[in-house]
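Below is one structure; the comments refer to it alone.
Nothing in this text is a laboratory measurement; each read-out follows from the coordinates by a stated rule. Small disclaimer: the values here were computed from a predicted structure and weren't measured. Neighbour counts are summed over all protein chains in view; Cβ atoms, including those assigned to glycine, are modelled from backbone coordinates with ideal geometry.
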Ligand code: PMP
């Protein structure tokens with residue numbers, strides 16, 4: 001980054017293109033963030049921003065939360081790393097505490113370092129356990145950027161022009177706003193039965209989905225979809241994988257886990273991002289029966305389950321419980337939804353307001369009937385909100401959905417400020 005004459009960074013200068021070889025820029029005029037405190041971020045000039053995107057839904061309980069920080073610092077001073085070839089109480093206690101928060105027989109926990117790695121492992125477990133290869137995933141999905149997970153993604157924007165692996169079949173997205181069958185989950189599920197019988201040998205390794213698609217634009221799956229699909233997939237010999245990378249740990253308010261919204265019990269659950277409040281930490285949780293399929297070979301991960309990340313992850317669980325973050329997300333999320341719906345009544349460009357708890361989406365359209373994506377307008381409003389001090393996320397295949405997923409300590413006043421700023425930015429369009 002160039003430095004201006006006054007010694008200040010020149011980051012408002014023209015940026016030639018949003019896409020560089022190794023750099024992805026969220027804003028046209030990027031921000032340089034140097035400090036964070038709970039729901040606020042500060043740039044290098046000391047300017048404060050309200051963070052409504054939490055580092056892409058990664059900071060769960062708040063930037064530099066003191067309880068998490070203290071746990072990390074204390075563990076760093078005791079022991080940082082040995083790999084799991086020795087025993088250490090932190091990883092064992094953490095696995096127990098995480099398993100205690102899972103329903104059913106989801107009691108075996110593996111720790112890895114990222115969501116992509118967690119989903120890679122889930123796909124491997126599904127294939128080893130079932131002896132089948134094919135996997136059903138959803139259009140509009142995002143599960144990671146590794147060679148193994150890129151094939152599961154359902155947006156061309158996240159696929160390099162190279163082979164995407166084989167055996168991935170993308171079902172119709174059960175999108176209540178744009179989908180052909182509205183909110184009728186079982187009708188979309190019929191497409192999964194068709195895919196299994198037409199594109200696979202009739203047997204599958206599994207099915208993977210988020211219950212509210214994050215990168216896809218805070219898009220909840222149509223009502224009744226997952227129960228119908230889980231049944232079909234199990235009948236075809238497969239297991240069901242729930243990607244909780246964005247929806248887990250109470251963010252969606254009414255439930256601790258996203259899959260609980262649809263009343264299903266997965267066989268494998270993957271988690272990352274908010275699990276560590278920013279630490280590189282992720283997990284795969286499954287049943288002892290499925291885990292046994294991997295026990296015939298060595299499994300090793302240098303950093304997975306390291307004492308520092310385990311101590312941090314344990315602190316996150318404690319904070320979510322003690323500060324009653326799930327109930328808080330439900331309360332603030334409901335207020336935010338009401339205010340955003342009122343904003344939609346005022347601005348025609350808002351086509352849909354959706355989501356749950358503090359995982360909300362606002363879809364921008366040029367015309368409410370054709371639903372043509374208002375892509376440029378979304379980028380303009382996002383930039384203008386940033387200039388007024390609010391950092392928003394965006395997503396969806398066309399980049400026309402605001403993703404509002406702040407740290408879980410977001411207050412009612414923060415919610416009001418966000419909506420007021422959005423109202424001003426929309427009026428300026
Ligand atoms: N699954 C979901 C639902 C995600 O949102 C992401 C990241 N955006 C991933 C998996 C991949 O996580 P990571 O970037 O940590 O590999």
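A few remarks follow.
- The chain - percent relative contact order, Cα under 8 Å, separation 6 or more: 21
- Computed over the chain, the P(r) tail beyond 42 angstrom holds 12 percent of alpha carbon pairs.
- Peptides 379-385, 239-245 ordered by average Cβ neighbours within 10 Å, highest first: 239-245, 379-385
- When Rg and the Kirkwood radius Rh are both evaluated on Cα atoms of region 66-322, their ratio Rg/Rh stands at 0.97.
- Antiparallel beta bridges, as assigned by DSSP with both residues in the chain, represent about 70 percent of the total such bridges.
- Sorting the segments 123-131, 287-295 by their mean number of nearby beta carbons within 10 angstrom, highest to lowest, gives 123-131, 287-295.
- Sorted peptide list for 191-200, 358-367, 330-339, 208-217, criterion being average Cβ within 10 angstrom, highest first: 208-217, 358-367, 330-339, 191-200
- For a label point 7 Å along the Cα-to-beta-carbon line of residue 86, residues of region 304-319 with backbone N under 20 Å: 304-312
- Each residue in 156, 299, 65 was given a count of other beta-carbon atoms within 10 angstrom of its own, and listing them fewest first yields 156, 299, 65.
- If a spin label sat at a point 7 angstrom from the Cα of residue 169 along the line to its beta carbon, the backbone N atoms of region 191-221 nearer than 19 Å would be those of 191-210.
- For the pair residue 159 and residue 318, the difference between a 0.36 nm per residue extended length and the Cα-Cα distance amounts to 53.5 nm.
- Between residue 47 and residue 203, the FRET efficiency from the beta-carbon distance, with R0 = 60 Å, is close to 0.60.
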